[in-house]
Amino acid sequence: MTVADLTSGSSLSSARQWRPELGLGHRSRAREARNLLARVVMWTAFLIALIPLAWILWTVITRGIGLVLEPVWWNNSQRGITSRMVGGGAAHAIQGTLLMALVTAVMAVPVGVMTAIYLVEYGRGRLAKTVSFMVDILTGIPSIVAALFIYAVWVTTFGLQRVGFAVCLALVMLMIPVIVRSTEEMLKLVPNELREASYALGVPKWKTIAKVVLPTAFSGIVTGILLGLARIMGETAPLLILGPYTANLATNLFGGFMATLPTMINTNRVESLQPAIDRTWASAFTLILVILLLNLAGRLVARTSKVRN
Amino acid sequence: MSSTTGASIVDQARDPLGNNTPQGDRASTGRLGDRLFGGTAKGAGVLVIALVTLTAVFLLSQALPALGKNGANFLTSTEWNVDGSNPRFGIANLLWVTVASSVIAMIIAVPVGVCVALFITQYSPPWLSQPAAGLIDLLAAVPSIVYGIWGAFVFGPHITGLQNVVNTLFGWLPFFGNETGGVSSSGTIFFIGIVLSIMVLPIVTALSREVFAQTPVTHKEGALALGATQWEMIRTAVLPFGKPGVISASMLGLGRALGETVAVLIILSSLANDTKWSWSVFNGGETFASKIANNAAEFDSPQKSGAFIAAGLVLFILTFVVNAIARVVIERRKAFSE
């Protein structure tokens, strides 16, 4: 009788089948079977989880690639194109999505990075704990709630119109926590020896952070920004509340409507005519393409990182 | 401690009396640059707190007037009529659909997510574990509107068969009944639950994976040395260690499922205003988020938008509580394992 028999609750019967050829651990058939079953279940779970991913990518690519491969898709807007007409492109939506993402990043990155610096380099005690807690809450805030908040401020309180910039404000709320968390992770990985060496040379703390800590963690911060961008570009809820669609090119974030890829999908999906259906999938493909490229870029940048876990 | 907080050793020095010094700013010189930089960092942190607080304040301040005029019980009424001078609206329907779809999503996503996380950390061959994790993470990168159109136009038509099976086997339960004839439709709470489970799977997997990977090697080797099979080792060492992480991950996933908007908006068929109440998940309906998004175009008076903002406030509170629980559970684990 081995220790294994004592530790497994169900092996009283199997203890009789002592098979020394198995070496140290004696394992009953039932336990072996359960072990094998678990292995099969884990593999199956993984393969099942891959099915929707493959299915979605396959659907979007096969249904969308036709239009996306045409140059007109990238160069033209939908101006003057009705749902029964073939033609036109997504240039207006791509431009709107990129423009909003850029403006959002310009606002969210400084706040996110500084918050992370506060949490890692300065913050102790209750305020830091509260900030950290609120970052978690912000991470979990549904995008529709962020949009409602901006609506309540922008439209109801200040009486302004629904414009692109209001969407950006809602997206900022969703992007900040992503940047804080990834930057925080990277700053924690920067070895303290670097900070101490800098202090020992008489460099003040803020210069140490700006010239030593941030450059060391730079690639990780860039990764966080790219992943944050990927997250907000696919958001649709704030656009539904705050950013009406237009078929035309637009660059003014403070007046008029502005098209984005999610709202372009949302506008075309309710149509039943084939040209509009094709445009739905082509814009979905374009959106996934942009987001996957950002993700990929983020992961590649992460590989160049100077600090590692 | 320094490796996890990034606090420098300088910060942890004790004063001559042996008391802990006030930590944090010991390396600051008090010069203008330091005060400015530190102040800006603190300001950014305070801004984050302000954002969450202001969200609550603004939603509340705009919901209250609308609630004051509400002729029905906000919590128990199933009506939703916000037009005119005598609005009557309640969230009972929205709450039921939101919770039911999210619960279905969690029932599927938590076991599968935990198994996938175990696969990645324990079973997968070393060359596969990184790519496998990357692939599952890709599920999180797919925008929810794409889940929506895929679910409605591609996946949906295949689901009625499964709904028929569940209805035949469990139709005696009120949840799986077919009094509304929804079994043959794909715009059901049941189906959106399945789609939501796919959307939250990467969230559940990511955090579970992280904690499973942190299981102390000594625990695992101890179990194996006692003769445990790999599965017994996982059951006795990895799973107990990872339990708080799994709970936390599930809560985060639940928060996401509760607040998901566009996929629900596209897939779930909304019901007419006077539809009879049904417990069946083979039924349409609207969640908090999809109700708000569905009616965004009608926000023309403070009275109307106030009613929807009140619904949004309930959603905010729900997700706040769920996320706070996730945070508390994982914090306690940290305190325990350090």
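Read-outs throughout are calculated quantities, based only on the coordinates presented, and are distinct from any laboratory measurement. Only a predicted model underlies this, so the values are computations on that prediction, with no experimental measurement involved. Reconstructed Cβ throughout: ideal geometry from the backbone, glycine too, with neighbour counts over all protein chains shown.
Which of B:Ile325, A:Ile117, A:Ile56 has the fewest other C-beta atoms within 10 Å, and how do the rest follow up to the most?
B:Ile325, A:Ile56, A:Ile117
Between B:Leu95, B:Leu64, B:Leu254, find the one with the highest GNM mean-square fluctuation for chain B; connect C-alpha pairs within less than 10 Å.
B:Leu64
What residue among B:Ser77, B:Ser248, B:Ser280 has the largest mean-square fluctuation in a Gaussian network model of chain B, using Cα springs under 10 Å?
In the Gaussian network model the winner is B:Ser77.
Could you work out Rg/(2.2 N^0.38 Å) for the range A:90-243, with Rg from alpha carbons only?
Here the Cα radius of gyration is 1.18 times the empirical estimate.
Along the three principal axes, how long is the range B:98-189 when you take its alpha carbons, biggest first, rounded to the nearest angstrom?
Each principal axis gives a Cα extent; for the range B:98-189 these are 51, 28, 24 Å.
Bin by bin, in steps of 5 Å, what percent of the Cα pairs in the range B:89-337 do you find, going until the bin that has the longest distance?
1, 6, 12, 15, 16, 14, 12, 10, 7, 4, 2, 1, 0, 0
Roughly how many whole Å is it from the C-alpha centroid of the range A:46-91 to that of the range B:125-152?
Taking the Cα centre of the range B:125-152 as reference, the centre of the range A:46-91 is 19 Å away.
Would you mind checking the radius of gyration and Dmax of the range B:223-338 based on alpha-carbon positions, in Å?
My reading of the Cα-based Rg and Dmax gives 21.1, 70 Å.
Taking neighbour counts of Cβ atoms within 10 Å as a proxy for exposure, in what order, fewest first, do B:Leu54, A:Leu229 appear?
B:Leu54, A:Leu229
Distance between Cα centroids, the range A:242-309 to the range A:92-140: provide it in whole Å.
So the two Cα centres are separated by 22 Å.
Can you give the Rg and Dmax of the protein assembly as shown based on its C-alpha atoms, in angstrom?
That works out to 26.7, 86 Å for Rg and Dmax.
Considering chain B as a Gaussian network with a 10 Å cut-off on Cα pairs, which listed residue, B:Met233, B:Met199, B:Met251, attains the greatest mean-square fluctuation?
Among B:Met233, B:Met199, B:Met251, the largest mean-square fluctuation in the Gaussian network model of chain B belongs to B:Met233.
Could you tell me what a quarter of the Cα convex hull surface of the range A:39-96 works out to, in nm² with one decimal place?
Over all viewing directions, the range A:39-96 projects a mean Cα-hull area of 5.7 nm².
Hey, can you grab everything whose amide H is under 5 Å from the amide H of A:Leu273? Only 5+ residues off in sequence or another chain; H modelled, so Pro and N-termini drop out.
none
Taking H as built 1.01 Å from N, whose amide H comes closer than 5 Å to the amide H of B:Phe89, not counting residues under 5 places away?
B:Gly71, B:Ala72, B:Asn81
What Kirkwood hydrodynamic radius do you get for the range A:169-309 when you take the inverse of the mean 1/r over all pairs of distinct Cα atoms, in Å?
In the range A:169-309 this quantity evaluates to 17.8 Å.
Rounded to the nearest angstrom and ordered from largest down, what semi-axes does the equivalent ellipsoid of chain A get from its C-alpha gyration tensor (root of 5λ)?
In descending order the semi-axes read 46, 34, 18 Å.
Using only the alpha carbons of the range B:115-250, determine the length spanned along each of the three principal axes and report them from longest to shortest in whole angstroms.
57, 35, 25
Taking neighbour Cβ counts within 10 Å as the exposure measure, how do B:His219, A:His92 sort from fewest upward?
Placing the least packed residue first, the sequence is B:His219, A:His92.
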